[in-house]
Amino acid sequence: MYNFFVDGCARAGGSFRISGKDHNHICNVLRMQIGDTFLVSCEGTSSLCRLKHIEEDAVEAEILEEDYRNTELSVHFYLFQGLPKGDKLELIIQKTVELGVAGIIPVEMSRCVMKLDEKKKKARRDRWQSIAESAAKQSKRNVIPEVCDVMTYKQAMGKAAEMDLFLVPYENERGMAETREALSRIKPGMSVGILVGPEGGFEEREIELARQAGAAVISLGKRILRAETAAVTAMGLGMLHVEMNLDGDGQ
Ligand code: SAH
C-alpha cells in the first residue's frame, strides 16, 4: 500500500490535504481514482485513508482508520539480484520479502552461471511471484512485492539510477565507514536499491558502471558471504536500521 508523509498542518478534521510532489505522484504517476486507499503518515502515526477529492493542486484524503497497523517499512528497498544458480533466488525472494523488501529485480550479470531463455524467464517469474505472494501473506505484509522481469545489467543500472539511494555490497570493498555513511543517508519515504552479485561476484567493469549510476559501494564485513547470505544480510541491515531509527516503536 502506498504511504505518503505529511506534516501536522496537512490535517484538517477527518482528512488530510496533500499537495506538492505527492499530489503529482498520486494524480499523474499512480493515477489513483476516487475511492482508492493508501496510508498517510503524519507525526509518527499512520492512517488508512481514502481518496475523496482531486483538485488542481491538492487532493483530499479522508481518514478511514487512525493508527492503522501497518507492517510496511517507511523506506522502499529494491533488491537487484545477480541471477544465482539453481533455485537459490527462491530462497532469496522468500527471505527478503519477510524482511520487508518492496520489489525484486533479477539481473543478468557477466559472472552469472544460469542462463535463461525467454520461455523459462516467463515461467520462472511466475513462480518467483507466487513465492513472494506466500511470503508476504505469511509475514503479514500490507503489500505483495513485485518480482520484475529479468533485466540486463544496463537496464538494471537505468532503474537503479532512479532510486534515491543505490547501495552495492561488493566483496572486495574494505572497511565499514561507507556502509555506516550510506545507512545514515536513508530517510523515510526514500527508495533504496541494493545490488548483490551472483556466486561469481562482480567484474570490476560492473562496479564502475554501478558507480556511474550513483552507487555507494559498501562492505558487509570481512568475510565472503554467499550471494543468498549477502542479500539477506543487506536487507536485514536496512530493515533493522529503519525499524530502530526511523519508523519508531509500535508503529
Ligand atoms: N566469488 C566471489 C564472491 C561473490 S559473493 C569471491 O570469491 O570473491 C556474491 C555477492 O555477495 C557479491 O558479489 C557481493 O554482492 C555480496 N558479498 C559477499 N560477501 C560480501 C562482503 N563481505 N561485503 C559486501 N558484499 C559481499
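So what is the 222 nm mean residue ellipticity for the chain from helices alone, if each DSSP H run of at least 4 adds -39500 (n - 2.57) and you divide by all residues, rounding to the nearest 500 deg cm²/dmol?
After summing the helix terms and dividing by residue count, I get -10000 deg cm²/dmol.
Highest average first, the peptides 224-237, 203-216 ordered by how many other beta carbon atoms sit within 10 Å of their residues are 224-237, 203-216.
Across all Cα pairs in the stretch 1-127, the calculated P(r) in 10 Å bins from zero up to the longest distance comes to 11, 33, 22, 19, 13, 1 percent per bin. Distance between the 7 Å Cα→Cβ label points at Lys120 and Gln212: 2.9 nm. The orientation-averaged projection of the convex hull spanning the C-alpha atoms of the stretch 49-184 amounts to 11.7 square nanometres. Residues considered: Ile105, Ile93, Ile18. Largest GNM mean-square fluctuation over the chain, using C-alpha springs under 10 Å, is found at Ile18.
A Stokes-Einstein calculation at 37 °C with viscosity 0.692 mPa s, built on the Kirkwood radius of the stretch 126-251 over Cα pairs, returns a diffusion coefficient of 208 µm²/s. For helix 118-138, what angle does its Cα long axis make with the longest principal axis of the chain, in degrees from 0 to 90 and rounded to 10? Helix 118-138 sits roughly 50 degrees off the main axis of the chain. Over the C-alpha atoms of the stretch 111-185, the Rg to Rh ratio, Rh being the Kirkwood estimate, stands at 1.04.
Using the average count of surrounding beta-carbon atoms within 10 Å as a protection proxy, the listed peptides 47-56, 80-89, 151-160 rank, highest first, as 80-89, 151-160, 47-56. Taking the Kirkwood radius as Rh and the Cα radius of gyration as Rg, the chain has a ratio of Rg/Rh equal to 0.99.
For the stretch 168-233, the equivalent ellipsoid derived from the alpha-carbon gyration tensor has semi-axes of 18, 14, 12 Å in decreasing order. Taking each residue as 0.36 nm, the span from Thr152 to Glu62 lengthens on full extension beyond its C-alpha to C-alpha distance by 28.2 nm.
Could you list, in their original order, any pairs among Lys21/Lys154; Lys95/Lys137; Lys121/Lys154; Lys95/Lys140 whose Cα atoms are separated by more than 21 Å?
Lys21/Lys154, as the Cα separations exceed 21 Å there.
Inter-part distance, the stretch 47-95 to the stretch 1-27, computed on C-alpha centroids, equals 16 Å.
Bear in mind that the values in this text are calculations on the coordinates, not laboratory data. Quick caveat: nothing in here was measured; it's all calculated off a predicted structure. With ideal geometry, Cβ positions are generated from the backbone for all residues, glycine too; neighbour counts draw on all protein chains shown.
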